[in-house]
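J.: Below are the structure tokens for one structure; questions will follow.
The values are calculated or read from the model by the stated rules, or taken from the named source; none is laboratory data. Worth saying up front: this structure is predicted, and the values here are computed from it rather than measured. Cβ placement follows ideal geometry from the backbone for every residue including glycine, while neighbour counts extend to all protein chains displayed. Side chains are part of the model used for accessible areas, which takes the heavy atoms of the whole protein and leaves out ligands, DNA and RNA. Shrake-Rupley method; radii C 1.70, N 1.55, O 1.52, S 1.80 Å.
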Amino acid sequence: MLPKDFWHGFRDGTPFILVILPFGAVFGVVATEAGLNLAQVMGFSVLVIAGAAQFVAVQMMVDNAPVLIVLAASLAVNLRMAMYSASLAPHLGKISWWKRGIVSYFMVDQAYAASILKYEQSPGMTPKGKFAYYLGIVTPICPVWYGATWAGASLGTAVPAGLPIDFAVPITFLALIVPMLRSMAHVAAALVSIIGVLVFAALPFNLGLLVAALLAMMAGAEVERRITLRRQS
């Protein structure tokens, strides 16, 4: 019988289906229109399982960007996963290596956002319970992502051009980011990234994204450094 922590995670992860479903469908449609076949689209979603990076990569491939630029941009977008991992390490670092491997593969924005809030609000949870909760969150999310991607790729151009299914992309990230802006360092990084993307939007191959991400990380780190020094003085 699955532990109650799993079902708590399943309950908390289920609402994300409302945005994951159209998000995955949009990617399937976009990737198909970019020239990828069904197997390539599904390989993208199953192996990469990172919506934002997948969208960036596909768009840059359409723009005929060099392979190294595509890889660098995708890596920059996914650098947040390293920060997620560092944040979860105190909570899940004591579980076995194969369990950490599962968490690493299913490291998606929604799972991180829900789990880190739960862990911080429930200091009495054991590592085993935290792992079960994480599994519960991704159980309704990831299969829906795969299925929605397959549906979008299968339908392809059959989806009406005017159907606004792409609304899920910005809504997903707004819903995740806003609750996580809990310090001045977070706010500074978010503001710098927004300004950076706008200022450097004219750079070729979406290189403005790389510049904005680098500046945002530097801004957040500098603000955190100054706050720490002020507390110590």
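J.: Can you tell which of LEU21, LEU38, LEU71 is out of contact with any Ser or Thr (no Cβ under 9 Å at 6 or more places or on another chain) and touching a residue at least 60 places away in the same chain (Cβ under 8 Å)?
T.: Numbers: LEU38 fails: out of contact with any Ser or Thr (no Cβ under 9 Å at 6 or more places or on another chain); LEU71 fails: touching a residue at least 60 places away in the same chain (Cβ under 8 Å).
Within the list LEU21, LEU38, LEU71, the selection yields LEU21.
J.: Please work out which one of (1) modelled with pLDDT of 90 or more; (2) open to solvent by 60 Å² or more (accessible area, probe 1.4 Å) is the condition GLN59 fails and give its number.
T.: (1)
J.: Further question: For the range 173-183, does any single residue satisfy the condition of being within 23 Å of the chain's Cα centre (by Cα), over 28 Å from GLY93 (Cα atoms) and modelled with pLDDT under 85?
T.: Yes, some residue in the range 173-183 is within 23 Å of the chain's Cα centre (by Cα), over 28 Å from GLY93 (Cα atoms) and modelled with pLDDT under 85.
J.: Another question, if that's okay. Grab the helices (runs of 4 or more DSSP H) fully contained in the range 66-165, keeping just those with 2 or more residues being surrounded by 15 or more Cβ atoms within 10 Å (Cβ to Cβ) and at pLDDT 90 or above.
T.: It comes to 80-92, 97-105, 109-121, 127-155.
J.: State which residue pairs qualify: first residue small (Gly, Ala, Ser) and inside the range 80-107, second residue open to solvent by less than 50 Å² (accessible area, probe 1.4 Å) and assigned to a helix (DSSP H, G or I) in any location, beta carbons under 7 Å apart, and separation of 6 or more residues or different chains.
T.: As it stands, the answer is SER87/ILE116, since those pairs meet every condition given.
J.: Looking only at the range 196-210, count how many residues are of a type outside the set (Gly, Ala, Ser), more than 19 Å from ALA82 (Cβ to Cβ) and surrounded by 13 or more Cβ atoms within 10 Å (Cβ to Cβ).
T.: Final tally of qualifying residues: 7.
J.: Considering (1) modelled with pLDDT of 80 or more; (2) under 25 Å from PHE205 (Cβ atoms); (3) not aromatic (Phe, Trp, Tyr), say which one GLY24 fails and leave the rest.
T.: The single condition GLY24 does not satisfy is (2).
J.: Please pick out the residue among GLY43, GLY24, GLY9, GLY51 that is open to solvent by less than 60 Å² (accessible area, probe 1.4 Å) and in contact with a Leu (Cβ under 8 Å, 6 or more places away or on another chain).
T.: Exactly one residue qualifies, and that residue is GLY9.
J.: List, please: which pairs have Cβ atoms under 7 Å, are six or more places apart or on different chains, and start with a residue in the range 129-145 that is among the basic types (Lys, Arg) and end with one that is part of a helix (DSSP H, G or I)?
T.: LYS130/HIS91; LYS130/LEU92; LYS130/TYR119
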